[in-house]
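Participant: My questions all concern the structure below.
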Amino acid sequence: MFYSPDFRMLSREISQAGPADVERALGRKRLQLHDLAALLSPAAEPFLQKMAARSADITLKRFGRTTQLYAPIYLSNYCTNRCAYCGFSADNLIKRKCLTLDEAEQEAGILHDRGFQHILLVSGEAESAVDVDYMEAIALRLRNKFAAVAIEIQPMSTEHYRRLFNAGITAVAVYQETYDRDLYKTVHLSGKKRDFDYRLETPARVAAAGMREVGIGALLGLADWRAEGLAIGHHLNWLRREFWSTAFTVSFPRMRPAAGEFEPLQIVSEANLSQLIFALRLFDPDVGLIVSTREEERYRDGMLGLGPTRYSAGSCTAPGGYGKSDHEGEQFSVGDHRSLDEVCAMIRAKGFDPVCKDWDREFQISN
Ligand code: SF4
């Protein structure tokens, strides 16, 4: 079982790092957690360009000149949790919808016709709307159409993840939102999600079920982003030791405007986000790093090749949003509105290859 270190201790460790610690970390081939703390510290800010160059170099060696592309499909915005920061929170008076199996297949068909081969099925956390039977039925319908079908839904048991894996789901993303245990209780007002430890143990249950890939991350804008980065490093380190054959990704969701008008508790600038991405790349050369359409196109274009390995494109965050023109009931408004073709054109113009398919179901061995 993974025990997340005390959040305030992580913040303290980071604040104590000085320029000499940063230089030492930059000189190392294989970084330890204390090196990650140094690279996340304010003392590392003057070294940002050096970090970017090292991060770009490692990314090029491990992933080549490629960027993998995917799109989310929002299945349902019903949610029984009250998360203070989220547009889908049970309190918010938004139009609620859960797609039928046919509607979900239609949405997927639209993305398939646009050229997507990797999709991420997302939903609010309400088992009355989206449960393992529903997800299994969708997976069985979509698995021959797409190379990879990932999910981002409520945490489940290992047994349920195994069922979904056997139905064709290839990856699961589950973000801790914040590794600050005290703040976690403050922003998760009610619902099953209030159980910090059950959520924290979810990536291990996913990996134990045999899923090919597990995604972790924290919502940026709640707690000290530097300590969140170090906590992610601890979590990743532990997961790698326990599940050496699983692939891992980290996402960097920065808070966006959403229903409920929650204001971020911490401002995370683009420079901060970049430092976090570079630090994690240097710490874990093999981890997939995801920058979604939450970020503006200018930022995403500038970060290409510097550390991130996967971008979403042409995204809509409302259930059924691809088949209609309005985005009523969306989780948050996106920052990059370009289509898959437009994002691919940008990637090619910068001398990289957009990759819509890097996996095939034929490779998957059932449990
Ligand atoms: S963050 Fe997830 S669990 Fe919380 S309200 Fe939004 S959809 Fe529900």
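The values are calculated or read from the model by the stated rules, or taken from the named source; none is laboratory data. Treat the numbers as computed from the prediction; the structure is a model and nothing was measured. Here Cβ is always computed from backbone atoms with ideal geometry, including for glycine, and neighbour counts include all displayed protein chains.
For (1) surrounded by fewer than 22 Cβ atoms within 10 Å (Cβ to Cβ); (2) in contact with an Asp or Glu (Cβ under 6 Å, 6 or more places away or on another chain); (3) of a type in the set (Ser, Thr, Tyr), each residue gets a yes or a no:
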| residue | (1), (2), (3) |
| --- | --- |
| THR100 | yes, no, yes |
| VAL130 | no, no, no |
| GLU136 | yes, no, no |
| ALA150 | no, no, no |
| ILE153 | no, no, no |
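Participant: Look at the range 186-195 and say how many of its residues are assigned to a helix (DSSP H, G or I) and at positive phi.
Facilitator: Final tally of qualifying residues: 0.
Participant: Take TYR78 and tell me if it is part of a loop (DSSP other than H, G, I, E, B) and either modelled with pLDDT under 95 or more than 30 Å from ASP21 (Cβ to Cβ) (or both).
Facilitator: yes
Participant: Residue check: is GLU177 within 11 Å of the ligand (Cβ to nearest atom), at positive phi and in contact with a Leu (Cβ under 9 Å, 6 or more places away or on another chain)? If you could, list the steps in order and put the result at the bottom.
Facilitator: Working: within 11 Å of the ligand (Cβ to nearest atom): yes; at positive phi: yes; in contact with a Leu (Cβ under 9 Å, 6 or more places away or on another chain): yes.
Yes.
Participant: Here's another thing I want to ask about it. Can you find a residue that is within 16 Å of the ligand (Cβ to nearest atom), surrounded by 13 or more Cβ atoms within 10 Å (Cβ to Cβ), at pLDDT 75 or above and not in a loop (DSSP other than H, G, I, E, B) anywhere in the range 323-336?
Facilitator: No; the residues of the range 323-336 include none that is within 16 Å of the ligand (Cβ to nearest atom), surrounded by 13 or more Cβ atoms within 10 Å (Cβ to Cβ), at pLDDT 75 or above and not in a loop (DSSP other than H, G, I, E, B).
Participant: Filtering the range 184-193 down to residues that are under 17 Å from ALA218 (Cβ atoms) and touching a strand residue (DSSP E or B) at 6+ places or on another chain (Cβ under 9 Å), which residue is farthest from the ligand (Cβ to nearest atom)? So that I can check it myself, show each step before the final result.
Facilitator: Initial filter on the range 184-193 (under 17 Å from ALA218 (Cβ atoms)): 184-188, 193.
Then drop every residue that is not touching a strand residue (DSSP E or B) at 6+ places or on another chain (Cβ under 9 Å), which leaves 184, 187-188, 193.
Numbers: TYR184: 12, VAL187: 9, HIS188: 7, LYS193: 5 Å.
In this case the residue turns out to be TYR184.
Participant: For the range 106-128, how many residues are surrounded by 18 or more Cβ atoms within 10 Å (Cβ to Cβ), touching a helix residue (DSSP H, G or I) at 6+ places or on another chain (Cβ under 7 Å) and not in a loop (DSSP other than H, G, I, E, B)?
Facilitator: Looking only at that region, the number is 5.
Participant: Would you point out which residue out of THR317, THR293 is within 29 Å of GLN275 (Cβ to Cβ), part of a loop (DSSP other than H, G, I, E, B), free of Cβ contacts under 8 Å to residues at least 60 places away in the same chain and of a type in the set (Ser, Thr, Tyr)? I'd like the intermediate steps shown before the answer.
Facilitator: Details: THR317 fails: free of Cβ contacts under 8 Å to residues at least 60 places away in the same chain.
Matching residue, one of THR317, THR293: THR293.
Participant: Quick one: which of ILE58, ILE14 is among the β-branched types (Val, Ile, Thr), closer than 25 Å to TYR179 by Cβ, within 23 Å of the chain's Cα centre (by Cα) and surrounded by 14 or more Cβ atoms within 10 Å (Cβ to Cβ)?
Facilitator: ILE58
Participant: Among the residues of the range 36-51, is any away from the ligand (no atom under 16 Å from the Cβ), part of a loop (DSSP other than H, G, I, E, B) and either on the phi < 0 side of the Ramachandran plot or within 21 Å of the chain's Cα centre (by Cα) (or both)?
Facilitator: The answer is yes; a qualifying residue exists.
Participant: Just wondering, is there one or more residues in the range 57-72 that are within 16 Å of the ligand (Cβ to nearest atom), touching a residue at least 12 places away in the same chain (Cβ under 8 Å) and either farther than 22 Å from ILE290 by Cβ or not charged (D, E, K, R) (or both)? Even if it seems obvious, please write down each step before you answer.
Facilitator: As a first pass, look at the range 57-72 and keep what is within 16 Å of the ligand (Cβ to nearest atom): 72.
Then drop every residue that is not touching a residue at least 12 places away in the same chain (Cβ under 8 Å), which leaves 72.
Subset that is either farther than 22 Å from ILE290 by Cβ or not charged (D, E, K, R) (or both): 72.
Looking for residues that are within 16 Å of the ligand (Cβ to nearest atom), touching a residue at least 12 places away in the same chain (Cβ under 8 Å) and either farther than 22 Å from ILE290 by Cβ or not charged (D, E, K, R) (or both), one finds at least one in the range 57-72, hence yes.
Participant: If a residue must be crowded, with 19+ Cβ neighbours inside 10 Å and free of Cβ contacts under 8 Å to residues at least 24 places away in the same chain, how many such residues does the range 158-193 contain?
Facilitator: Selection size over the range 158-193: 1.
Participant: A further question follows. List pairs: first in the range 196-219 and at positive phi and assigned to a strand (DSSP E or B), second among the hydrophobic types (A, V, I, L, M, F, W, C) and crowded, with 19+ Cβ neighbours inside 10 Å, Cβ under 6 Å, 6+ apart or cross-chain?
Facilitator: GLY217/VAL250
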